[in-house]
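K.L.:
One structure coming up, written as structure tokens, with questions to follow.
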Amino acid sequence: MNIVTTIAELRELTASWRRAGQKIAFVPTMGNLHQGHLQLVDVAKSRADKVITSIFVNPMQFGQNEDLASYPRTLEADIAGLTRHAADAVFTPTPQLMYPRGLDVQTFVEVPQLGDLHCGANRPGHFRGVSTIVCKLFNLVQPDIACFGKKDFQQLAIIRQMVTDLSLPIEIIGVATERAGDGLALSSRNGYLSKDERAKAPALYQVLQQLKAQIAGGNHDYRALEQQAKAQLAVAGFVPDYVNISNQQSLTLAVDPAEPKVILAAAKLGSTRLIDNLEL
């Protein structure tokens, strides 16, 4: 597997693939890879001739008092995992390479409305950082397709909208959430959970499943259901951030029983913020 650290190397490699007529798939990550990330690589491999990943802990998407400094960096293990899953290359830039003038004067990309809801309401600037780095990586790699996990449902919606709005010739593929045997969505942040917190963590998905069952059973009082779910999470030991029954496309709060919906949730367990979702 090619380990690429400079923009010049990256462009030379991907240009050689394109000259050979090969289809390129891209999987951007922040490292500390788990089976969910590696499933993205497997899906990408099934859809393209060449798969390139990136590992970059993006400082632009971390807010004040968030875990940038302590975010786990496991490059050696990540490269071993990518090698096992037959990725063709990994791009491992530094912040200095990606933001040579610093964050304060960096041109940014922002998707309005979608980026202001849910996680965006409580993490100002987060999705600006996400869309900026993904757009920059898309410009560098110029892939034919890119794979993102559905666990970050709002992020996926924002990336899709950015690609549409900026007319980028990239097919965005959403890949189903990988879960542990007890239902907890796989996440790099699960490693922050204590043993006791890890035992409690599956309750987040269980509450979403119960909520889905109530809606399927004909309960359309969505705002009351959201409050009920937050109360259940609090009883289970969480500090709920939000539980929102939303339209799948606009991500605005659902009102019409006929519209396609997704339940989006975020809650803290100890110091760890967990997110999850369930499509209806």
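Values quoted throughout were computed directly from the atomic coordinates according to the rules given, and no laboratory measurement underlies them. This is a predicted model, so every value here is computed, not measured. Because the Cβ atoms are built from the backbone with ideal geometry, glycine has one as well, and the counts that use them run over all protein chains shown.
K.L.:
With the cut-off at 17 Å, report for the range 1-122 the share of all Cα pairs above it, as a whole percent.
P.N.:
64
K.L.:
Please report the antiparallel percentage of the DSSP beta bridges confined to the chain, to the nearest 5.
P.N.:
50
K.L.:
Pull up all non-local amide H partners of Val51: gap of 5 or more, or a different chain, and H-to-H distance under 5 Å with H placed in the peptide plane.
P.N.:
Ala25, Asp88, Ala89
K.L.:
Once you have a ≥ b ≥ c as the square roots of the Cα gyration tensor eigenvalues for the range 75-193, tell me rounded if a/c is under 1.5, and otherwise prolate or oblate according to whether a/b is larger than b/c.
P.N.:
Numbers: a/c = 1.40, a/b = 1.17, b/c = 1.20.
Note, shape of the range 75-193 comes out rounded.
K.L.:
Which whole-number percent of Cα pairs in the range 188-279 have a distance greater than 21 Å?
P.N.:
Details: 1230 of 4186 pairs.
Cα-Cα pairs in the range 188-279 separated by more than 21 Å: 29 percent.
K.L.:
Also, quick follow-up: For the range 1-99, which chymotrypsin sites (Phe, Trp or Tyr not before Pro) pass both filters: DSSP loop (anything but H, G, I, E, B) and at most 10 other C-beta atoms within 10 Å?
P.N.:
Numbers: sites: Trp17, Phe26, Phe56, Phe62, Phe91; in loops: Phe56, Phe62.
Of the chymotrypsin sites (Phe, Trp or Tyr not before Pro), not one in the loops of the range 1-99 has a Cβ with at most 10 other Cβ atoms within 10 Å.
K.L.:
Moving to a separate point now. Please enumerate, by chain and number, the lysines with C-alpha under 17 Å from the C-alpha of Lys23, excluding those fewer than 8 residues away in the same chain.
P.N.:
Counting by Cα, and skipping residues close in sequence, Lys23 has these lysines nearby: Lys45, Lys50.
K.L.:
Here's a follow-up. Under 25 °C and 0.890 mPa s, how fast does the chain diffuse according to Stokes-Einstein, given a Kirkwood radius computed over C-alpha pairs? Answer in µm²/s, whole number.
P.N.:
Numbers: Rh = 19.7 Å.
Roughly 124 µm²/s, to the nearest whole number.
K.L.:
While we're on this one: Over the Cα atoms of the range 74-124, compute the convex hull volume and normalise it per residue, giving Å³. Present the calculation step by step, with values, prior to reporting the outcome.
P.N.:
Values: hull volume 8.2 nm³, N = 51.
It is 162 Å³ per residue.
K.L.:
Helix 75-84 sits at what angle to the longest principal axis of the chain, using alpha carbons and giving 0 to 90 degrees rounded to 10?
P.N.:
For 75-84 against the chain, the angle is about 80 degrees.
K.L.:
While we're looking at this one, here's another question. So which chymotrypsin sites (Phe, Trp or Tyr not before Pro) in the range 162-238 end up in coil per DSSP with only 16 or fewer other C-beta atoms within 10 Å? Before the final figure, lay out each step's value.
P.N.:
Working: sites: Tyr192, Tyr205, Tyr222, Phe238; in loops: Phe238.
Qualifying residues, ordered by number: none.
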